[in-house]
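Read the structure below first, then the notes.
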Amino acid sequence: MNKELSGTTVDVDAEGYLTDPGQWTKEVAVELAKEEGIELNDRHWKVIDFIRKDGAENGTAPNVRRITKIGGVPTKELYELFPGGPAKKAAKVSGYGKPHGCL
Amino acid sequence: MNKVLILGAGTAGTMMANHLRRELSPEECEITILDRDNQHLYQPGLLFLPFGKYRKEDIVKKRDKFIPNGVEFRLAEVDRIDAGNNAVILDGGETLRYDLLVIATGSRIVPSECEGLEGEGWHRNIFDFYTLEGSAALGQFLSTWKGGRLVVHIKEMPIKCPVAPLEFAFLADSFFKERGMRNRVDITYVTPLSGAFTKPVASEMLGHMLSDRQITVVPDFDVERVDAAEQKVISYDGREVPYDLLVPIPTHMGDLIIARSGLGDELDFVPTDPETLQSKAHPNIFVIGDATNIQASKAGSVAHFESEVLTRNVLHQLNGEALEPIFDGHSNCFIESGGGKGMLIDFNSETEPLPGQFPIPGVGPLPLLRESRLNHWGKLAFRWVYWHLLLKGRPLPFITTTLSLKGKIIPDLKENQT
């Protein structure tokens, strides 16, 4: 399915995650964050910029360990920025799919 | 003459030694395989050990028994891989040169990555089942346990055999029922993922399996620390799950050799091309099994499918030919669901586990994504297949290297799961 976010049409899955990270823009990020009740500030953007850069290099969004260890953002801060599930919410706002298991 | 060196004589390394010796004559290629000990552990057996279904001697054999003639097996600790000089340096300084290196050093649990896990409770009322020691000690504990709160806790992904914690919970439910003490045990499954099942089709088909067994799931739980004195697991967002018996699945990391060699990512897994299995940093280094950083499950069946792809690519590399980008993340595993039943799932990076029949469409005999007695027998029979066919790199009947959609049913999912 697709939907319109700040004038851009993007493809999303049933839970609102973008299915093509290539459709992501900064404006889309602002709208996705609003859906999660988050107003983006500079500290959020530091996380999002890292996820976008690392995701582009590796083809998949980084996990929390990678965001903390390589991105340099402590886990406590991730929880303050993306309350109730930083791994999922940061990935969603950054235009990547939900981190998943196998079954 | 080419020199091929394989690091690690576990499932993946042993399969590669057998495949490559069959494909390459001793005149054209010298093959050496290294490990630090001579104990080959049948890792799927660790799941059954705590419930008294297997004994230690059923699941440990000597590694060299499975290494073919014409391959040198060496017992040695590796200090580091000197990739710039195509050499592996052993403890003590001996240098082994290679033309092509296969890294099959696997993964290991690192309990110290979770604060409080290794403290006073470790192997007292906290037991892993990912090591022989942990699994055997857990068996001892369970044989006299009077009941209480059992918590199965996953710290973070990736882990070996991602379905094993779920199987453990199912087998525990069954074990306590058989002993007539299920009403004295609470089972809670704590996971950092959004649920025990995360793929849509499996969630819809299997969602009831946990509630039917009165297993409580605590999802989205990112653990901050374990408080062994107070016997509870505490998350970053302040939730607490109390336990009497904690079965944690600790952080998994690659071998320390990888860290010492500077070849790993943040978890010491080696960055690897997911389709060719070539190391991203060095063209004459290939990586297989748990040691890679690819998204495929860390499981023996994945290593088996990888070994078929990797064998072709090693030959291409030695002949100066282009590599084949054909690995698709194919995985196939039996899931014990307790009470003498099991399930089978078959999936890859693109295709989630689906219902149907396996391996022959319309016939089976094994049903996919559904509980059956036959799948349980399949899991038990797999131990024989492992020792006699899989490690020796023999083809498994009817099972293809890449995923086949034949026999699979793609169900209509309920729309709007938001």
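The values are calculated or read from the model by the stated rules, or taken from the named source; none is laboratory data. Because the structure is a prediction, the values reported are computed rather than measured. Quick reminder, even Gly has a Cβ in these numbers, built from the backbone with ideal geometry, and neighbours come from all protein chains shown. Protein only, heavy atoms only, side chains kept; ligands, DNA and RNA dropped before computing areas. Shrake-Rupley method; radii C 1.70, N 1.55, O 1.52, S 1.80 Å.
Only bridges with both residues in the range B:24-156 count here: give the DSSP antiparallel percent, nearest 5.
Percentage antiparallel, nearest 5: 60.
In the protein assembly as shown, taking the dipole from charged Cβ atoms about the Cα centre, the farthest positive-side position among B:16, B:206, B:294 is held by B:206.
When a/c is below 1.5 the answer is rounded, else prolate if a/b is larger than b/c, else oblate, so apply that to the range A:2-93 with a ≥ b ≥ c taken from the square roots of the Cα gyration tensor eigenvalues. Since a/c reaches 1.5 and a/b is larger than b/c, the shape of the range A:2-93 is classed as prolate. Straight-line reach from residue B:65: which lysines fall under 16 Å, measuring Cα to Cα and dropping same-chain residues less than 8 apart? Filter leaves B:392. Of all lysines in the structure, the ones whose alpha carbon falls short of 23 Å from that of residue B:53, not counting any fewer than 8 places away in one chain, are B:61, B:62, B:146, B:160, B:177, B:341, B:379. DSSP assigns beta bridges within the protein assembly as shown; of those with both partners inside it, close to 50 percent run antiparallel.
Protein heavy-atom accessible surface, 1.4 Å probe, per residue over the range B:73-146: 44 Å². Straight-line reach from residue A:3: taking Cα to Cα under 30 Å and skipping same-chain neighbours fewer than 8 places apart, the lysines in range are A:26, A:34, A:46, A:53, A:88, A:89, A:92, A:98, B:199, B:414. Find the relative contact order for chain A and round it to a whole percent, using C-alpha pairs within less than 8 Å whose residues are 6+ positions apart. Contact order relative to length: 30 percent. Shielding of peptide A:78-89 by partners, expressed as the average count of other chain Cβ atoms within 10 Å per residue Cβ, is 3. Among the GluC sites (Glu not before Pro) in the range B:237-311, those placed in a DSSP loop whose Cβ has at most 16 other Cβ atoms within 10 Å are B:266. Sparsely packed loop sites in the range B:1-51 (the GluC sites (Glu not before Pro) outside DSSP H, G, I, E and B with at most 15 other Cβ atoms within 10 Å) comprise B:27, B:28. Report, for chain B, the % of DSSP beta bridges that are antiparallel, rounded to 5. So the antiparallel bridges amount to about 50 percent of the total.
Checking an interface number: how much accessible area is buried between A and B, summed over both chains, with a 1.4 Å probe, in Å² rounded to 100? The buried area between A and B, both sides summed, comes to about 2200 Å². Placing pseudo-labels 7 Å out from each Cα toward the beta carbon at residue B:211 and residue B:370 gives an inter-label distance of 2.1 nm.
Model label points for residue B:324 and residue B:97, set 7 angstrom from Cα along the Cα-to-Cβ axis, are 3.2 nm apart.
Relative contact order, whole percent, for chain B stands at 16, derived from Cα pairs under 8 Å and 6 or more residues apart. With the crude spin-label approximation of a point 7 Å out along Cα→Cβ, what separation in nm comes out for residue B:410 versus residue B:62? Between residue B:410 and residue B:62, the label points sit 5.2 nm apart. A prolate overall shape is assigned to chain B, the ratio a/c of its alpha-carbon gyration tensor axes (a ≥ b ≥ c) being 1.5 or greater and a/b exceeding b/c.
So, in Å, what gap is there between the alpha-carbon centers of the range A:27-67 and the range B:177-216? Centre-to-centre distance over Cα atoms comes out at 32 Å. In the range B:191-234, burial by the other protein chains removes 20 Å² or more of 1.4 Å probe accessible surface, compared with the chain on its own, from B:193, B:194, B:198, B:199, B:220, B:222, B:224. Once the Cα atoms are used to define both axes, helix B:373-385 deviates from the longest principal axis of chain B by about 30 degrees. Overall, the accessible surface of the range A:2-93 at a probe of 1.4 angstrom is composed of carbon and sulfur to the extent of 47 percent. Where a ≥ b ≥ c are the square roots of the eigenvalues of the C-alpha gyration tensor, would you call the range B:1-130 rounded, which needs a/c under 1.5, or, failing that, prolate if a/b is larger than b/c, or oblate? Verdict is oblate for the range B:1-130.
Using a Förster distance of 60 Å, how high is the FRET efficiency between residue A:56 and residue B:392, based on the Cβ-Cβ distance and rounded to 0.05? That gives a FRET efficiency of 0.90. For the range B:343-382, trypsin sites (Lys or Arg not before Pro) meeting the loop criterion (DSSP other than H, G, I, E, B) and having at most 12 other Cβ atoms within 10 Å: none.
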